[in-house]
1. Out of region 131-143, which residues are among the polar types (S, T, N, Q), open to solvent by 60 Å² or more (accessible area, probe 1.4 Å) and closer than 18 Å to Ala66 by Cβ?
2. Going by the structure shown, is Val68 without any contact (Cβ under 8 Å) to a residue 60 or more places away in the chain, open to solvent by 40 Å² or more (accessible area, probe 1.4 Å), of a type in the set (A, V, I, L, M) and assigned to a loop (DSSP other than H, G, I, E, B)?
3. Can you tell me which residue is least open to solvent (accessible area, probe 1.4 Å) among those in region 109-130 that are assigned to a helix (DSSP H, G or I) and either touching a strand residue (DSSP E or B) at 6+ places or on another chain (Cβ under 9 Å) or of a type in the set (S, T, N, Q) (or both)?
4. Name the residues in region 1-56 that are hydroxyl-bearing (Ser, Thr, Tyr) and at pLDDT 50 or above, would you?
Amino acid sequence: MRKIIVLLSFVCLLCVHACGYDSGNAKNLLIIVTTEDPVTQSMSMVLAEQSMKKGATVDILLCGKAGVLAIRDSAEVFLKPQNKSPQMMLKNLIQNNVNVELCPIYLANSEKSVPNLIDGVSIANPPRIADTLLGENTKILSY
């Protein structure tokens, strides 16, 4: 009976490791923001900042209605308690070397172009984003 318990314990440990349960060791974080909700956008920026402070490499991909965050002179919603807009928080992340990319489909289907983007935002390169998505140590958050 003891051998069976030891064997089952060993198998469980192998399964936990093989399934990636210990995902707390991820060093890369890809945050995909699509929502137009400024509260959710702000929370995604807060989590990006906190993850960066804890040593993660953070990449942000803006798509859909969240693409407006990348557009210079877009309307901003200031939220309590910091009285900051999601775009202000995004700019702060860019200043701290967070890679921010805009979905190329968003730009192609809007009346905006690259000169309309805030400084530090680039157009996403789908093959590079796919590499990030498939990275062994990448966690993906989608808002």
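1. Across region 131-143, the qualifying residue is only Ser142.
2. No.
3. By that ranking, first place goes to Ile129.
4. Of everything in region 1-56, those that are hydroxyl-bearing (Ser, Thr, Tyr) and at pLDDT 50 or above turn out to be Thr34, Thr35, Thr40, Ser42, Ser44, Ser51.
The values are calculated or read from the model by the stated rules, or taken from the named source; none is laboratory data. Bear in mind the structure is a predicted one, so any value in this text is a computation, not a measurement. Reconstructed Cβ throughout: ideal geometry from the backbone, glycine too, with neighbour counts over all protein chains shown. These area figures cover heavy atoms from the full protein model, side chains too; ligands, DNA and RNA do not enter into them. Shrake-Rupley method; radii C 1.70, N 1.55, O 1.52, S 1.80 Å.
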